[in-house]
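Chemist: After the structure tokens below, expect a handful of questions from me.
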Amino acid sequence: MRSRFYNLKIPTTGNETRRAEIVVEEGRIVTVDQPGTGDSRLNDDLVDLNHALVLPGVIDGHVHFDDPGFTHREDFATGTRAAAAGGVSCVVDMPCTSLPPVTSGANLHHKLGIISPKAHVDFMLWGGASANLLDEPDWRDKLAELAQEGVASIKVYMLSGMDTFRDLGRSQIRQVLQETERLGVPVGVHAEDRDLVHELTDWLQKNGCNGLLDYASSRPAEAEINAVNTMRTLCRETGARVHIVHVGAGRALDVIAEAKSDGLPMSGETCPHFLEFTAEDLVSLGSMVKTAPVLKSAVDRERLWEGVASGELDYVATDHAAGQWPEEKNTGNAWADYGGIPGVELMLPYLYSEGVRQKRITLERLVEITSSAPARFFGIDQRKGRIAPGFDADLVIFDKKAKWTVRAEELHNMNRYTPHEGQEFTGRVRSLYVRGERAFHRSRDGRESFSAAGTGQWVRRQSKVA
Ligand SMILES: [Zn+2]
């Protein structure tokens, strides 16, 4: 069965779009034609998109769907439904927030067995290298297994709050990078200076400083800057491909930009919460916006937007992490409150509304930071990240003029809270197709439908680090 999507526009350069028709067969894009010029066949299934903008499916490179192990926070069904409703056709799930963590081939297959039947969109898995793993004598073999299985990338923490996935010291990270460089897999780093944060935390707690702003001052911008500097040195020493996740500090971005201009294989991502909120919002919104790293200043925020626009930051990912609401997010103790914000469903409309419409980024750049660049980083750019013949038919049908108001209760993830509550966005996902099958649709009267659980597929990294 062939489908012909018509009455649509696709992005070209800058903010330009062009009218097109997209023919899809067996999950792949066959042709992208000018209207009326393609080889139309009588039995094509015609899909009228009513002048919608069509974008390549979003790849969210950083989600915590907590399955198995922490499914009171999220599970793969709720997480991927939220993804589908947000135009995200492929999520890349972190290895640290499931049990057992994805630190061996066996653990990876255990997780796949549990999450595959629940997935509504495609997914990749991060593998991980924790101090727990490095305690095992055969950790190098396990890392090699993960690479062999096609993990998207390897995650390490320079500062972790998790006993089941402990952080690594500098020499341990160097050893991991020496392995990943050989294996041809990139490493994603949670970059905060462990010693500095521990020292500040101890001092603050000893002195009875227990507010959310005290938590924030335990994780200053310097913690990020120091850690990214360390990673630059290790990147230079080992030649390994290094990616800094959730960059919040403008001067940490400066370090990444310098490393890149020195020709080092370094990259970075930031998250919508760092682009929208600042430390001042900790006062008004409380632990709702508690994250690690913590929100920074308005100056940092401007620098991040600049980096997103210029390419100094490679892509945007959500770090979707939902604590049990309200129990875990508001414990009465700011140090104990869960750090994390669910974001997978709102990233695309947020970046369109506040990025493209506010002229901070072009439509072309939106496609790059939400789809093409993560596809390249995760080694799947032969099949995802573009609307072009031969690529997976992962298509977001986007109503760019639709105005709507964010309501937490209308989200689809398990624990529904959002600091964007009440914010008005312009531009909304109408439907999402994953490999040609409709994974999500919102009709004009607001009725919503999803594909069956289990239609999302595991995607392996295809290519080694370039
Ligand atoms: Zn994360």
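Since every read-out is calculated from the coordinates, none of them should be taken as a lab result. Please read these numbers as outputs of a predicted model, since none were measured by experiment. All Cβ positions, even for glycine, are placed from backbone atoms using ideal geometry, and neighbour counts span all protein chains on display.
Chemist: Helix 194-206 against the longest principal axis of the chain: what's the angle in degrees, Cα atoms only, rounded to the nearest 10?
Modeler: 70 degrees
Chemist: Extension gain Ser463-Ala402, at 0.36 nm per residue separation less the Cα-Cα distance, in nm?
Modeler: So the chain would gain 18.1 nm between Ser463 and Ala402.
Chemist: Can you give the net charge of the other residues whose Cβ lies under 11 Å from the Cβ of His190, counting K and R as +1 and D and E as -1?
Modeler: -2
Chemist: Could you tally the net charge around Gly38, taking each other residue with its Cβ under 9 Å from the Cβ of Gly38, Lys/Arg +1 and Asp/Glu -1?
Modeler: Here the charged neighbours net out to -2.
Chemist: Determine the dipole magnitude for the chain: charges of +1 sit on the beta-carbon of Lys and Arg, -1 on that of Asp and Glu, nothing else is charged, the reference point is the Cα centre, and the result goes in debye to the nearest 20.
Modeler: 1140 debye
Chemist: Take the Cβ-Cβ distance between Ala131 and Glu26 as r, set R0 to 51 Å, and report the resulting FRET efficiency rounded to the nearest 0.05.
Modeler: Efficiency, rounded to the nearest 0.05: 0.70.
Chemist: Testing the spin-label approximation: label points 7 Å from Cα along Cα→Cβ at Asp445 and Leu285. State their distance in nm.
Modeler: 3.5 nm
Chemist: Could you tell me the convex hull volume per residue, in Å³, taken over the Cα atoms of the chain?
Modeler: Considering the Cα atoms of the chain, their hull volume per residue is 130 Å³.
Chemist: Sticking with this one: Filter the cross-link list Lys260/Lys290; Lys359/Lys401; Lys384/Lys464; Lys155/Lys464; Lys111/Lys290; Lys296/Lys400 down to pairs whose alpha-carbon distance in this structure exceeds 19 Å.
Modeler: In this structure, Lys260/Lys290; Lys111/Lys290; Lys296/Lys400 exceed 19 Å between Cα atoms.
Chemist: For the charge dipole of the chain, defined by +1 on Lys and Arg C-beta atoms and -1 on Asp and Glu C-beta atoms about the Cα centroid, which residue among Phe450, Asn43, Ser130 has the Cα displaced farthest towards the positive pole?
Modeler: Asn43
Chemist: Along the range 134-145, what does the Karplus equation 6.51 cos²θ - 1.76 cosθ + 1.60 (θ = phi - 60°) give for ³J(HN,Hα), rounded to whole Hz, x for Gly and Pro?
Modeler: 5, 6, 8, x, 9, 4, 5, 5, 5, 4, 5, 4
Chemist: Now a separate question. Arrange the following residues from fewest to most other Cβ atoms within 10 Å of their Cβ: His51, His441.
Modeler: Result, fewest neighbours first: His51, His441.
Chemist: What order do you get for His412, His320 when you list them from fewest to most C-beta neighbours inside 10 Å?
Modeler: If I rank by nearby Cβ atoms, fewest first, I get His412, His320.
Chemist: Towards the positive end of the charge dipole of the chain, with charges on Cβ (+1 Lys, Arg; -1 Asp, Glu), say which of Ile380, Ala152, Leu99 has the farthest Cα.
Modeler: Positive-most Cα among the choices belongs to Ile380.
Chemist: Given Ala223, Thr362, Trp305, which one lies farthest toward the positive end of the charge dipole of the chain, if we put +1 on the Cβ of every Lys and Arg and -1 on the Cβ of every Asp and Glu?
Modeler: Selected residue: Thr362.
Chemist: Measure nothing fancy, just the Cα-based angle from helix 76-85's long axis to the longest principal axis of the chain, in degrees from 0 to 90, nearest 10.
Modeler: So the inclination is approximately 50 degrees.
Chemist: Apply 1/(1 + (r/R0)^6) to the Cβ-Cβ distance of Asp39 and Leu112, taking R0 = 30 Å, and write down the FRET efficiency to the nearest 0.05.
Modeler: FRET efficiency, Asp39 to Leu112: 0.15.
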